[in-house]
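J.: First the structure, which I've put down as structure tokens, then a few questions once you've had a look.
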Amino acid sequence: MRQGKPMTIYAEMAAHLNAALDALEKGGVLPAGLDRGPITLEPPRDASHGDMATNAAMVLTKGAGKPPRVLAEALAAELGALDAVRWVDIAGPGFINLTLSDDAWRGELRQIQALGDDYGRSNIGGGTTVNVEYVSANPTGPMHMGHCRGAVVGDALAQMLEYSGHRVVREYYVNDAGGQVDVLARSVHLRYCEALGANVGEIPEGLYPGDYLVPVGQALAAEFGDRFVSGDDGAWLALFRTRAVAAMLDLIRADLALLGIHHDLFTSEAAIQADGLPAAAEIWLRAHDLVYDGVLEAPKGEVAEDWEPVELPLFRSSQFGDDQDRPIKKSDGSWTYFGADLAYHHEKAKRADALIDIWGADHAGTVKRIKAAVAALTGGKTGFDVKLVQMVRLLRDGEPVKMSKRSGNFVTLADVVREVGKDVVRFTMLTRKADAQMDFDFARVVEATKDNPVFYVNYAHARAASMARRAAEAGVDYAAADHDAIDLSHLDTVDLGLARIAATFPRMVESAATAREPHRIAFYLNDLAAAFHGWYNLGNDDPSRRVVQAENAERTMAKLFLTSAIGQILRNGLHLMGVEPVDEMR
RNA sequence: GCGCCCGUAGCUCAGCAGGAUAGAGCAUCAGAUUCCUAAUCUGGGGGCCGUGGGUUCGAAUCCCGCCGGGCGCGCCA
């Protein structure tokens, strides 16, 4: 039966289903070569239908030229003969419902324990490389809460993809070539002068006012003295830009570290340009008639008075569904953000099989052009997905927190992490699907109630851990026991209901990774925690259902085995989210 | 005007590559502490899944139109 490399129960049953279909082909019930792609084997919504259900008979009816019930009966006969299957029935339009034996579920619990941290890991990625670019905040200041959700979603996604058999590169694109870094350099110059005793007064409109630039100015003053106080900015602008960006990246890296986020690669836009990549891309695109010199139409909607038609090199993004063609260079000859960005994506595509960008929803309008450019430059060979992450509204005491970048009065990521903790921030950011707006209420995310999934899931894990402690106090030492020798026949069908939910973890992770939707982990964990809390509370009415039963060490051991398997699943899920499981709550 | 996202219980949201009687939490009502954290649990009430078509054995899910809401829209980043 269970031999070779360990298989989870869904994988095992899927293999059995395939073998049964092979048998039907051999017996002439099914023609050979039917597409089995649409066949599913999944838990039915209604648990009373059994443990697993397959639509195989309905899906194959057309190709087989036989009614679903006929196919279902033949298939049911094959499947019913399996040891693991206790009961088969055919229902509705032709569903085949399987009820597995208790021993099959007991076996799955052992599988969870045997695989441990790897229960849920898969190789659906087949070792292909996925590049996930996330955060990529402008290097002009510390991280603020506007960056937070994309950071967490991207990081959890990367983690999930790795767990699902991809090689993952976590990348940060440093926008160090635009006008905003000149502004940064000038803002730092002001702080530099200030450090040398100049009275700078109010920070002028158009420069970054934040105090975080003060130490950068001081460091430059200490290093260069008053050499750059007066005189042409050509003498210092490039130097200050470099130093300021480096300092900002240090701040950003430190902020990300607070969230447990570490990128593998920081790629500089300026370096991309210095290496001539945009120019090379332009030549290629011109050769393929995807870039031409043309004049943009005036913008629709609100009419701008300062609109002037200018001839620019334009990318034919309108051929790919964009509203209009997009310039890759400005009228002063420098590259637009888009012009550099397409070259950057081309570069990334050379070293990965698939690209994923995590962007804020405010950049939604630019998705089409970059997708079009990437498709053109890679010949459509590299998968490219842009995941948009919607805004987070910060609430304190039910009131929206006002933020203004201008005054420097934005809520920093570091402040929030300090206030509520890394794990609360990470978990909360994953409790909505990425493309739905969400509220982040400072009071609610730290609430210790079941309304707060962060707490609720962690509580389940802590509860699982505390049971082993309590049992030890009562003289049943689970940690020291020989786990293979524990007799799981003490677990009945009710107990094994938890195993049924736990067993769906691997397929849930796979589907979440495939769909690139890390929030599904959070919802699953919440469901598992609920089932676990419910199971635990059965002991209130019926003492024989308690976990710790000092007078019955064997039964206690079996219950602890189950408890610890659930703890393992909770841990594996939390790990994917980048959240530390807690063993104890105070 | 155009593009993207969204419309599911009173509120906040899930709904797993279409599946069987649509789920959870909050709120509300009724219950449960001889036990491992009641920081929890059990049960009730509450829905034309925005709307009209289409695809098929089967649609909240896929396609098209409409209605309603959010966001974005210049050579910015």
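J.: Tell me, in nm to one decimal, what length is gained between A:Glu473 and A:Glu580 on full extension, where the rule is 0.36 nm per residue of separation less the Cα-Cα distance?
T.: Between A:Glu473 and A:Glu580, full extension yields 35.9 nm more.
J.: While we're looking at this one, here's another question. Take every Cα pair under 8 Å in chain A that's 6+ residues apart, average their separations, divide by the length, and report that relative contact order as a whole percent.
T.: Relative contact order here is 15 percent.
J.: Can I ask one more? Taking a label point 7 Å from the Cα of A:Ala254 along the Cα→Cβ vector, which residues of the stretch A:222-245 have an amide N closer than 15 Å to it?
T.: A:244-245
J.: Still on this structure, I have one more. Quick check on the stretch A:54-157: what are the equivalent-ellipsoid semi-axes from the Cα gyration tensor, as sqrt(5λ), descending, whole Å?
T.: Equivalent ellipsoid semi-axes, largest first: 46, 22, 13 Å.
J.: I would also like to ask the following. What do you get for Rg/Rh over the stretch A:1-101 if you use C-alpha atoms and the Kirkwood form of Rh?
T.: Using only Cα positions, Rg/Rh for the stretch A:1-101 is 0.95.
J.: Give me the Å³ per residue figure for the convex hull around the C-alpha atoms of the stretch A:345-497.
T.: Roughly 251 Å³ of hull volume per residue.
J.: Looking at the calculated P(r) for chain A, what percent of the C-alpha pair distances fall above 29 Å?
T.: Cα-Cα pairs in chain A separated by more than 29 Å: 66 percent.
J.: If you don't mind, another one. Probe of 1.4 angstrom, ligands and nucleic acids ignored: what's the accessible area per residue over the stretch A:445-586, in square angstrom? Kindly include the intermediate steps, with their values, before the conclusion.
T.: Values: 6120 Å² over 142 residues.
Result: 43 Å² of accessible area for each residue.
J.: Here is a follow-up. Separation of the stretch A:545-576 and the stretch A:94-165 by C-alpha centroid, Å?
T.: With the stretch A:545-576 and the stretch A:94-165 each reduced to a Cα centre, they are spaced 23 Å.
J.: Sticking to Cα atoms, compute the Rg of the stretch A:520-586 to one decimal and its Dmax as the biggest Cα-Cα distance, whole number, in Å.
T.: 13.5, 41
J.: Would you kindly derive the ³J(HN,Hα) couplings of the stretch A:390-401 from the backbone phi angles with the Karplus curve 6.51 cos²θ - 1.76 cosθ + 1.60 (θ = phi - 60°), listing them in order in whole Hz, with x for Gly and Pro?
T.: Working through the residues one at a time gives 6, 4, 10, 9, 8, 10, 10, 6, x, 9, x, 7 Hz.
J.: Could I ask something else about it? Within the accessible area of chain A, what % is carbon and sulfur when the probe is 1.4 Å and the other protein chains stay in place?
T.: Of the solvent-accessible surface of chain A, carbon and sulfur hold 51 percent.
J.: What's the Cα-based Rg to Rh of the stretch A:99-149, Rh via Kirkwood?
T.: Taking Rg over the Kirkwood Rh, I get 1.32.
J.: So what's Rg/Rh here for the stretch A:75-133, counting alpha carbon atoms and using the Kirkwood radius for Rh? Present the calculation step by step, with values, prior to reporting the outcome.
T.: Numbers: Rg = 17.4 Å, Rh = 14.6 Å.
Computed over Cα atoms, the ratio is 1.19.
J.: Let me ask another. How long is the gain from A:Thr99 to A:Ser334 if the chain were fully straight, where each residue apart is worth 0.36 nm and the alpha carbon distance is subtracted?
T.: Values: separation 235, 0.36 × 235 = 84.60 nm, distance 6.67 nm.
The span from A:Thr99 to A:Ser334 would gain 77.9 nm if fully extended.
J.: Okay, next question. Gain in length, A:Arg396 to A:Ala550, computed as 0.36 nm per residue apart minus the alpha-carbon separation, to one decimal in nm?
T.: Length difference between fully extended and current span is 50.7 nm.
J.: What Kirkwood Rh does the stretch A:329-406 have if only Cα atoms enter the pairwise 1/r average? Answer in Å.
T.: 14.8
J.: Quickly estimate the mean residue ellipticity at 222 nm for chain A, helices only: each DSSP H run with n ≥ 4 gives -39500 (n - 2.57), and the total goes over all residues, rounded to 500.
T.: It lands at -15000 deg cm²/dmol.
J.: Using only the C-alpha atoms of the stretch A:434-586, find the volume of their convex hull and express it per residue in Å³.
T.: Dividing the Cα hull volume of the stretch A:434-586 by its residues yields 126 Å³.
J.: Do me a favour and compute the ellipsoid semi-axes for the stretch A:236-357 from its Cα gyration tensor, root of five times each eigenvalue, largest one first, whole Å.
T.: On the way: eigenvalues 188, 78, 52 Å².
Here the semi-axes work out to 31, 20, 16 Å.
J.: Excluding same-chain residues fewer than 8 positions from A:Lys559, which lysines have a Cα within less than 30 Å of its Cα?
T.: A:Lys5, A:Lys450
J.: Then there is this: Hey, which of these cross-link pairs are over 29 Å Cα-Cα: A:Lys329/A:Lys387; A:Lys62/A:Lys387; A:Lys329/A:Lys368; A:Lys329/A:Lys371? Can you show the working numbers first?
T.: Working: A:Lys329/A:Lys387 26 Å; A:Lys62/A:Lys387 37 Å; A:Lys329/A:Lys368 18 Å; A:Lys329/A:Lys371 18 Å.
Pairs exceeding 29 Å: A:Lys62/A:Lys387.
J.: What relative contact order, as a whole-number percentage, does the stretch A:1-88 give when Cα pairs under 8 Å and 6 or more residues apart are counted?
T.: Relative contact order for the stretch A:1-88 comes out at 23 percent.
J.: In nanometres, what is the gap between the two model label sites at A:Ala515 and A:Tyr212, each 7 Å from Cα along Cα-to-Cβ?
T.: Placing both labels 7 Å along Cα→Cβ, they lie 3.5 nm apart.
J.: Please give, to one decimal in nm, the separation of the simple spin-label points placed at A:Arg167 and A:Thr129, each 7 Å out from Cα toward the Cβ.
T.: The modelled label-to-label distance comes out at 0.5 nm.
J.: Can you give the log10 of the normalised intensity I(q)/I(0) at q = 0.10, 0.13, 0.23 Å⁻¹, computed with Debye over equal Cα scatterers of the stretch A:175-280?
T.: Per q value, in the given order, log10 I(q)/I(0) is -0.33, -0.54, -1.25.
J.: Counting alpha carbon pairs within less than 8 Å and at least 6 residues apart, what relative contact order, in whole percent, applies to the stretch A:482-553? Please list the in-between numbers first.
T.: Working: 24 pairs, mean separation 16.3, N = 72.
Relative contact order, the stretch A:482-553: 23 percent.
The values are calculated or read from the model by the stated rules, or taken from the named source; none is laboratory data. All values reported here derive from a predicted model rather than from experimental measurement. Cβ coordinates were reconstructed from backbone atoms using ideal geometry, including for glycine residues, and neighbour counts include every protein chain displayed. We work out accessible area using only protein heavy atoms, side chains counted, and drop any ligands, DNA or RNA first. Shrake-Rupley method; radii C 1.70, N 1.55, O 1.52, S 1.80 Å.
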